[in-house]
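Undergrad: To start, I am sharing the structure in question, which I have written as structure tokens.
Any read-out appearing in this document is the output of simple, stated calculations on the displayed coordinates, not a laboratory observation. A quick note: this is a predicted structure, and the numbers were derived from the prediction, not measured. A quick note on method: Cβ atoms are made from the backbone with ideal geometry, for glycine too, and the neighbour counts reach across all protein chains shown.
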Amino acid sequence: MESLENKIVFITGASSGIGKACAVEFAKAKAKLILSARRVDMVKNLSEELKQKYNTETIFFHLDVRKRKDVEKAISDLPDEWKKIDILINNAGLAKGFAKLHEDNPDNWDDMIDTNVKGLLYVTHAIVPFMVERKTGHVINIGSIAGRAAYPNGSVYCATKHAVLAINNSLRMDLIDKNIRVSTVDPGMVETDFSNIRFNGDKEKAKQVYRGLKPLVAEDIADAVIYCASRPKHVNISEVVITPTAQANAFVAYREL
Ligand code: NDP
Ligand code: 8X3
């Protein structure tokens with residue numbers, strides 16, 4: 001296992017769920033953290049908590065990954081020492097709605113495509129040049145099993161996660177001579193705010209997603225991310241697909257009802 005001590009880790013969407021769990025696990029491993037999200041109060045609180053518990057050095061700021069200029073400014077405003085980002089975790093993302101394409105609200109599509117695809121591209125485009133310059137780095141994308149098989153009522157969310165997988169795979173080839181690792185961690189059901197947001201705050205509908213089975217928790221995904229990040233330098237974990245034991249893929253889950 002490679003030490004993560006003093007590595008600089010940039011996490012998008014660190015205010016909740018998987019991003020927050022990654023922040024905690026990297027803090028335990030003594031990394032330095034750059035935490036960003038739109039809910040800046042939540043990343044501020046997290047930053048203070050990590051300072052207290054693990055003496056973690058952090059920088060945090062408001063960032064909406066959909067805003068290209070803001071992304072570019074946030075990265076270029078970083079102090080020089082903090083521009084030496086070792087690990088980028090492209091986690092910010094969401095599903096909005098669950099409907100047949102012809103009955104869906106196109107506003108949801110804009111949100112998902114702008115965040116999950118364009119936002120991930122903007123952040124990657126702003127940070128990877130610094131990795132290229134230093135000939136070291138690791139990009140870890142949070143994809144989804146929705147990027148491996150499309151399911152009904154999820155055309156655009158599935159399309160965005162298929163795009164993440166394609167970007168992940170092309171990027172690894174683009175960076176092959178730069179000593180930069182590129183990994184995707186693709187979860188199935190993880191109980192976070194994800195379903196609440198997908199169903200527009202309908203907690204009952206969100207709960208139904210996980211009925212009768214034990215879903216993953218955010219820490220399970222953070223554990224996989226830490227695994228990818230802590231392999232010896234010559235090892236690139238290209239893909240991790242991780243589901244609850246009771247979920248085989250996007251279509252088959254066993255529920256004790
Ligand atoms: P959460 O809703 O708990 O977290 C989503 C995070 O993304 C929040 O921190 C949110 O921060 C951030 N985010 C959303 N939009 C933006 C934006 N425009 N700019 C910056 N940050 C943004 O859900 P999860 O932790 O579950 O989701 C994290 C990732 O995991 C997503 O990419 C999701 O697609 C993926 N995933 C989730 C699965 C699940 O079952 N939960 C399964 C497979 C993949 P804020 O609102 O403060 O900006
Ligand atoms: C989240 C998992 O199956 O709801 O990406 O699409 S799923």
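Undergrad: Is any residue of segment 143-180 close enough, with backbone N under 13 Å, to a label point placed 7 angstrom from the Cα of residue 101 along the Cα-Cβ axis, and if so, which?
TA: 150-160
Undergrad: Between segment 38-101 and segment 147-164, what's the alpha-carbon centroid distance in Å?
TA: Going from one Cα centre to the other spans 24 Å.
Undergrad: While we're here: Quick one: order 183, 238 by neighbouring beta-carbon count within 10 Å, fewest to most.
TA: 238, 183
Undergrad: Using only the alpha-carbon atoms of segment 69-145 as identical scatterers, what base-10 log of I(q)/I(0) does the Debye formula give at q = 0.14, 0.20, 0.24 Å⁻¹?
TA: With one equal scatterer per Cα and no solvent, log10 I(q)/I(0) is -0.55, -0.89, -1.12.
Undergrad: Based on alpha-carbon atoms only, what is the radius of gyration of segment 180-257 relative to the globular estimate 2.2 N^0.38 Å?
TA: 1.28
Undergrad: Compute the relative contact order of the chain as a whole-number percentage, counting only Cα pairs closer than 8 Å that sit 6 or more residues apart in sequence.
TA: 20
Undergrad: Okay, moving on. Describe numerically, in nm with one decimal, the distance between label points set 7 Å from Cα along Cα→Cβ at residue 149 and at residue 248.
TA: Result for the modelled spin labels: 0.8 nm.
Undergrad: Work out, step by step, the length gained on full extension between residue 125 and residue 42: first 0.36 nm times the residue separation, then minus their alpha carbon distance; give nm to one decimal.
TA: 27.3 nm
Undergrad: Checking the a/c ratio against 1.5 first, then a/b against b/c, what shape does the Cα gyration tensor give for segment 27-88?
TA: Note, shape of segment 27-88 comes out oblate.
Undergrad: Write down the radius of gyration of segment 1-136 and its Dmax, each obtained from C-alpha positions, in Å.
TA: Here Rg and the maximum Cα pair distance are 15.7, 51 Å.
Undergrad: Under the rule that an exposed site lies in a DSSP loop and has at most 13 other Cβ atoms within 10 Å, name the longest stretch of the chain with no GluC sites (Glu not before Pro) of that kind, not counting the sites themselves.
TA: The answer is 6-255.
Undergrad: A further question on this structure: So which of 7/30; 73/178; 28/84; 30/178; 30/53 end up more than 18 Å apart, counting from Cα to Cα?
TA: Violating the 18 Å Cα-Cα cut-off are 73/178; 28/84; 30/178.
Undergrad: Taking amide H positions as placed 1.01 Å from N in the peptide plane, with prolines and chain starts having none, which residues 5 or more places from residue 92, or on another chain, fall under 5 Å of its amide H?
TA: 12, 13
Undergrad: Ok, one more. Over the alpha-carbon set of segment 8-242, divide Rg by the Kirkwood Rh and report the Rg/Rh ratio to two decimals.
TA: 0.95
Undergrad: Right, here's the next one. Starting from a Cα-only point model with no solvent, please compute log10 I(q)/I(0) by Debye for segment 121-257 at q = 0.13, 0.19, 0.20 1/Å.
TA: Ignoring solvent entirely, the Cα scatterers give -0.63, -1.14, -1.22.
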